[in-house]
Every structure is written in structure tokens, then in C-alpha cells.
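Here is the structure we will look at.
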Amino acid sequence: MTTTAVKADYRLIDSTLRDGSHAISHQYRMDDVIQIVTGLDRAGVPVIEIAHGDGIGGSSFNYGFSAVPEKELIAKACEVTTNAKIACLLLPGIGLADDLREINEMGVKVARIATHCTEADISEQHIKVAKSLGLEAIGFLMMAHMNSPEGLVEEALKMQSYGADTIYIADSAGAMTTEDMKVRVDALVQALEVPLGVHAHNNLAMAVANSIAAYENGAKNLDGTSAGLGAGAGNCPTEILAAVSSKYGIETGVDPLALMDLAEEVVRPIMPRAQVIDRAGLILGYAGVYGSFLLHAERAAERYGVSQADILFELGRRQMVGGQEDMIIDVALELARKHAEAEATGGEA
Amino acid sequence: MRCAILGSGNIGTDLMIKLLKARELDGPLDLVALVGIDPASDGLARARRMGIEGTHEGPDWILSHADELDMIFDATSAYVHKAQAQAYQDAGIIAVDLTPAAIGPKVIAAVNLTEHLDAPNINMVTCGGQATTPMVYAIRRAVENLPYAEMVSTVASKSAGPGTRQNIDEFTKTTSTALREIGGAENSKAIIILNPAEPPIMMRNTVFGGLPEGTDHDAVIESIYAMEKSVQEYVPGYRLKNQPVIEEGPYLTPGGLVPHRAVVLLEVEGAGDYLPPYAGNLDIMTAAAQRVGEAIAGHKAAQNEGASK
């Protein structure tokens, strides 16, 4: 059961300190955590997610090393918060059930267990451990555009059977139209006994519209990040979602003005660049590519002298899923080799 | 050496086909039975068609036939193996363990094949461990010290069975340990990803090694190519998908700051004995287990010969 001071029509989960971590290459400092948690907590956000962008244990060669060990940051968030619950994301195959035991000791209250949208059965062990610890367990199906409404229902029911308290679908590639979102949410809300949540990305500039559409079709949890900080062209911006919800007469229980202050005064100053939909960001949504690949592809393109857009398109063509960042190097090397071969034979590069 | 395979799923059945092929070529392993628990299993039916015992009586069958067996290959699950390992040992049966139970010493066929030939129980780590530990070792032998190594294994969803799925932490923990204990890295991490793409993708493995200051990069690359050849001796479909590269950092690894990293991009194409070629993860496991079984058989034969002289 979740209760907030004000009766909200949906529960807002802010992921600035988790999904936002991608956009700053996992360089969060202790002071950032203190300021962002304090700001979100004051604004009335009920749940704050924090972890490496790829979940607990994500600090690695493959996804980028954290500047500060994430468990130190998580412990600090638990210490600083007054009302908001602290949540962590964990991807089975990257993080361990043992990690859940550790974060439970720190005071984390919510565990989001994430899998690709067709692989829910790898979450059984971790959802059950989370529940046995007394954590709220959220099953989180990523890249939801790659599965049909019926397919998502099948996977969500598995997570529900393992004990998940809430099921989320994530448009991790920011690839869904409002119609795509509606049919999925509709099917899931009808099939599930537990509440549904939606995590949207903005690669097609649809994040806020899709989140509102998800709410109107029965989703009871929505995700955002401050100033949209996050993978790809960014997430659904929490302060905009709150403002738009208010215009629709949807009660969020949060203070949009306090969220605007946080975005402007705390988050924008630490952003290495504005969260805009440039060509590469748009390609992610257009070709259905995992958002976190963006900056890794940019670095590989520069290193091997190939086009970032070509890398992203090829990753989409190969149907790569979240977590396969190593394949960005693979694709870049292949493109570089093809260019070299074409030049050697005098063909078209 | 008389042996049986326990577990009639994908791995057990693939191993059966490999061992029966080798027996025809006068290999040292005499496979007498495939032992499962499901009477309707496809693997058991196939065993009977191929002329060996195919029984669903499980570990009990093994223990009641202990006098007729020298060795078993256990392709059940970590739980089942943990529960029975002592009983096999008490019965005098050598166990080659293909589950991630990690009871006996770990063996990676291309690295420490001959180190534990007298052990009563040998652990084959994981498919990802068999694919990547050789490359960690290859980097390690070319550097002063290897502060950190990491592997990322991506397998086709279709080739990941329920055992792997329900217990994915066993995979990452056992693999990560092998990267340190056998690969020689001081710190390590293992990651596994399932990819549902159709047609199914080939098994992919990537190895990252953190290279300390003063590393001879050419020596690292040369060592990686040499290791590719060593593994190909028993897994013909094991190959470098792209040339190994050294990337400039710096990288803040759990083993400290390193200026460079080596990136090894591998692909494993299966021999297609039981499952299609995309299931290279099964193939590298069964090929490595066969190699270990044959090495033990050779070792015991040499011992007996020595004793009879």
C-alpha cells in the first residue's frame, strides 16, 4: 500500500538519479545526490529512484564506471530523504540478489526488477528475494515497443505471479506513438490485478503526451526525471509532467513550481549539454534503439572515424537489446573495416 | 572408461551426440547411458535410438549402477548436483559437473586442463566462463598484472533454458570467480544478457581487460590471437569476430585507474550436433566437458599402465 499526504491520481516516481545517470556518464557526486533528493522530497515526489543508469552493479567497462560507488550514493539518499521512499533499479544478469539485501539494510523501500520485455522469467529469483526482504517489488519490462500487447500481458503476468506489487512498461527507445502506448496500457490494465506504471522517453517528443495517455488508459504510476535528464534524448521531464497534469485537472500531489526550481537551479547546471532531440536522439526513437546506447555510440564513432547515425541504425537492424553496449564497438569496427575495404578497392565508401 | 550423462535436456543430449561420435573414432570414453527424469524426454528417446540406455530413473539409477560406471557428466542443475555430489564421490564415481554448482575445482579446458586430473569432482564453470576465461588468461600472461577483467555474454533467448533463467546469479557469480581464479585477474565482473531476436543470434562474448601503465600492447594482441587457436582445437566455431583492439581511457576500474583497456569481441558458432549452430553456448560447454573427460581417461589409463608394470 502506498499513501501520500495529498490524494494523488497517479504515483510519480522520479528517476533523475538513476536514468539521469546515463546522460552524465555516471559521474554523480555526493553533493548532487543531497541536493536532488532534498529538492524532490520537498516538492512532494513520493518515490525517488537512484542507482547506476544500468541498475545496481552497472558500474563496469561495458556501461561506464561510476565516479562515486553507487552504494555510497544510495546510502546518502536514504539518509537525506524525509518523506519520499528511495527506490533502486536492478537488472538480473547485471546486479545480484545479494545487492538487494545490502540496499535493504541501507533503508531502500522499493526494488524495480528490470528485464527485456520478452524475458520476464529471469526476474523470478530477484522479485522473490525483494518480497522476502519486505521491499515493494516492481516488475519493469524494458523496450516495450518490441513486444505486442498480448506478449507484454504474458510477461507481466509472470512477474505478477512471482509477487510483483506493480508492473511497469518502459519505452526505453522512446519509440512509441500514443496509439502504441494506449493499446499496450489498455491490454495490461485489463489483464493485471496489480497496478500498472509507464516509463517514457522523449526521442520522438512523445514522452509527456504518452504518459498522460497512459494515465487516461488506467496507468497508476508514471516516471519522470528532472529537466528530462536521462538516456537518449531524455525522459519525460518530471516538472513538465506535473504542470501538464495540473492543466488536465489530474492531481499529482507534487508541487510543479518546486520541481521547476529544482530543474532550473540544481539539475541544469550539472548537465553537460542540453537534453535536446538532435539527429542521433531522433534516430533512437525512429529506429527503436535502446536510449543508453547514444553516448557510447558517440564515443565509438569518434574513436573509429565512423558515423554515429550509421552505428545506431545498424544496432536497430541487429535487434540489439538493452545491455549490449559491447556491440557498439563491434559495429563501429565493422563499419570502419567496410569503409577501408571500399576505399582500397576504389568503390563507393 | 565407462561413463553416463545425467540430464537429458539440451546440454546432456548434445554431449551424448559428441561422445558417441568420439566413441566411433575409438575415443577413450565409453558412454553407456543417458539418464533423465522425464520418461517423455526427447533426449532419452534419441539415446535409445542411438543404441545406449535411456532411462528416466535419475540420480538413483547412477548410484544403483555405480559398479558399472567410472565417470558421470552432470548436466542437471546446480541444486540437483549439490544434493548428490557427495553420494557420487562415496560411490567412487568421478563427476564432471556442467552445472554452476561449483563444488569441485574449476577447469577451463584451454587454460588448466591438466591441473585437477585426480579430483573426484570437476566443475566446468559456465558456458560464458568457458568462452571468456581463456581470453582473460591470454591478456594476463602478456601483462605484469591484470587489475580488472570483465566479460559480457549475450545468448539467444531460445538457447537459455529454465535452469539458467531461474538462477541467473549463479551464472554471473561462478563466471566472475573463474575470471579471477583461472583467468588471473585481480578483480572481475560478469554480465549476461538474453537476446530474443529472430532468427536467433549467435552466442556473443566480449572480454575487457584493464591494462596497467607500461603494457606492451602488441604482446597482448599476439597472445589473444594465439589463444583463439588453442580454443579452436576443441571448439571449431570459436572465433574473434573483429580484431582485438586497445582503447585509450583512463578507466576507473575496481582494481584502480588504468590508462587502457583491451577489447576482445568473440563469437561462438555451435557444431550443430543437437541444437542449431546459434546455440554456441551449449556447444562450448559440451566440447570442453568432453575434452576434460578424455583428459581424465587418458590420465587414469597412464596411471594403470604405470601400476601394472
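The values are calculated or read from the model by the stated rules, or taken from the named source; none is laboratory data. Note that the coordinates shown come from a computational prediction; the quantities given were computed from them, not determined experimentally. Don't worry about glycine lacking a Cβ; one is built from the backbone with ideal geometry, like all the others, and counts go over all protein chains shown.
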Residue in the range A:100-111 that is farthest from the other protein chains (Cβ to nearest Cβ), counting only those that are in a helix (DSSP H, G or I) and crowded, with 23+ Cβ neighbours inside 10 Å: A:Ile103
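Within the range A:311-349, how many residues are part of a helix (DSSP H, G or I) and within 13 Å of chain B (Cβ to nearest Cβ)? Before the answer, list the steps.
First, the residues of the range A:311-349 that are part of a helix (DSSP H, G or I): A:311-317, A:326-344.
Next, only the ones that are within 13 Å of chain B (Cβ to nearest Cβ) stay: A:315-317, A:326-338, A:340.
Within the range A:311-349, residues that are part of a helix (DSSP H, G or I) and within 13 Å of chain B (Cβ to nearest Cβ) number 17.
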I'd like the full set of residues that are in a loop (DSSP other than H, G, I, E, B) and over 18 Å from B:Leu282 (Cβ atoms), limited to the range B:51-81. B:Gly51, B:Ile52, B:His56, B:Glu57, B:His65, B:Leu69, B:Asp70
Pick from B:Asp97, B:Asp118, B:Asp70, B:Asp90: which is over 17 Å from B:Ser176 (Cα atoms), assigned by TED's automatic domain parsing to the domain that holds B:Asn10 and surrounded by 24 or more Cβ atoms within 10 Å (Cβ to Cβ)? B:Asp97
Residue within the range A:21-28 that is within 14 Å of another protein chain (Cβ to nearest Cβ) and crowded, with 20+ Cβ neighbours inside 10 Å present: yes
Go through the range B:9-50 and give me each residue that's of a type in the set (Gly, Ala, Ser), at pLDDT 95 or above and assigned to a loop (DSSP other than H, G, I, E, B). B:Gly36
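Residues B:Arg180, B:Arg204: which one is away from chain A (no Cβ under 13 Å), among the basic types (Lys, Arg) and within 19 Å of the chain's Cα centre (by Cα)? Talk me through it step by step, then tell me what you get.
On the way: B:Arg204 fails: away from chain A (no Cβ under 13 Å).
From the options B:Arg180, B:Arg204, the qualifying one is B:Arg180.
From B:Glu248, B:Glu228, B:Glu198, which residue is within 23 Å of the chain's Cα centre (by Cα) and among the acidic types (Asp, Glu)? Explain how you work it out, then say what you get.
Working: B:Glu248 fails: within 23 Å of the chain's Cα centre (by Cα); B:Glu198 fails: within 23 Å of the chain's Cα centre (by Cα).
Testing whether each residue is within 23 Å of the chain's Cα centre (by Cα) and among the acidic types (Asp, Glu) leaves just B:Glu228.
Listed residues B:Gln243, B:Gln232; which is facing chain A (nearest Cβ under 9 Å), within 15 Å of B:Glu267 (Cα to Cα) and either of a type in the set (Asp, Glu) or free of Cβ contacts under 8 Å to residues at least 60 places away in the same chain (or both)? Show your work before the answer.
Working: B:Gln232 fails: facing chain A (nearest Cβ under 9 Å).
Among B:Gln243, B:Gln232, only B:Gln243 is facing chain A (nearest Cβ under 9 Å), within 15 Å of B:Glu267 (Cα to Cα) and either of a type in the set (Asp, Glu) or free of Cβ contacts under 8 Å to residues at least 60 places away in the same chain (or both).
Scan the range A:193-214 for residues that are in a loop (DSSP other than H, G, I, E, B) and hydrophobic (A, V, I, L, M, F, W, C) and jot them down.
Start the filter on the range A:193-214 by keeping residues that are in a loop (DSSP other than H, G, I, E, B), which leaves A:193-195, A:200, A:202-206.
A:Val194, A:Ala200, A:Leu204, A:Ala205, A:Met206 - these are the residues of the range A:193-214 that are in a loop (DSSP other than H, G, I, E, B) and hydrophobic (A, V, I, L, M, F, W, C).
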Checking the conditions here, which among B:Ala190, B:Ala197 is more than 8 Å from every other protein chain (Cβ to nearest Cβ) and either more than 19 Å from B:Ala110 (Cα to Cα) or of a type in the set (Gly, Ala, Ser) (or both)? B:Ala190
A:Ile94: passes all of (1) surrounded by fewer than 24 Cβ atoms within 10 Å (Cβ to Cβ); (2) in contact with a helix residue (DSSP H, G or I) (Cβ under 9 Å, 6 or more places away or on another chain); (3) within 14 Å of another protein chain (Cβ to nearest Cβ) but (1)
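In the range B:207-225, which residues are more than 11 Å from chain A (Cβ to nearest Cβ) and over 23 Å from the mean Cα position of the chain (by Cα)? Spell out the reasoning first.
Of all residues in the range B:207-225, those more than 11 Å from chain A (Cβ to nearest Cβ) come to B:211-225.
B:Leu211, B:Pro212, B:Glu213, B:Gly214, B:Thr215, B:Asp216, B:His217, B:Asp218, B:Ala219, B:Val220, B:Ile221, B:Glu222, listed by residue number.
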Across the range A:118-134, which residue is surrounded by the fewest Cβ atoms within 10 Å (Cβ to Cβ) among those that are outside any helix (DSSP H, G or I) and at the interface with another protein chain (Cβ under 7 Å from one of its Cβ atoms)? A:Thr118
Have a look at A:Gly230, A:Gly281 and point out the one that is more than 13 Å from every other protein chain (Cβ to nearest Cβ), among the small types (Gly, Ala, Ser) and part of a loop (DSSP other than H, G, I, E, B). A:Gly230
Which residue is farthest from B:Ile246 (Cα to Cα), if the candidates are limited to the range A:28-66 and must be touching a Lys or Arg at 6+ places or on another chain (Cβ under 7 Å) and small (Gly, Ala, Ser)? A:Ala51
Here the residues within the range A:284-310 that are within 14 Å of another protein chain (Cβ to nearest Cβ), touching a Leu at 6+ places or on another chain (Cβ under 7 Å) and either surrounded by fewer than 24 Cβ atoms within 10 Å (Cβ to Cβ) or in a helix (DSSP H, G or I) (or both) are A:Phe293, A:Tyr304, A:Val306
Report, ordered by the first and then the second residue, all pairs with beta carbons closer than 8 Å, sequence separation of six or more or different chains, a first member in the range A:194-222 that is within 17 Å of A:Val153 (Cα to Cα), and a second member that is surrounded by fewer than 21 Cβ atoms within 10 Å (Cβ to Cβ) and β-branched (Val, Ile, Thr). A:Leu196/A:Val189; A:Asn217/A:Val189; A:Gly218/A:Val189; A:Ala219/A:Val189
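In the set A:Arg268, A:Arg273, A:Arg318, which member is of a type in the set (Lys, Arg), within 22 Å of A:Asn202 (Cα to Cα) and at pLDDT below 95?
Details: A:Arg268 fails: at pLDDT below 95; A:Arg318 fails: within 22 Å of A:Asn202 (Cα to Cα).
None of the other options fit; the residue is A:Arg273.
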Residue in the range B:281-295 that is polar (S, T, N, Q) and at pLDDT below 90 present: yes
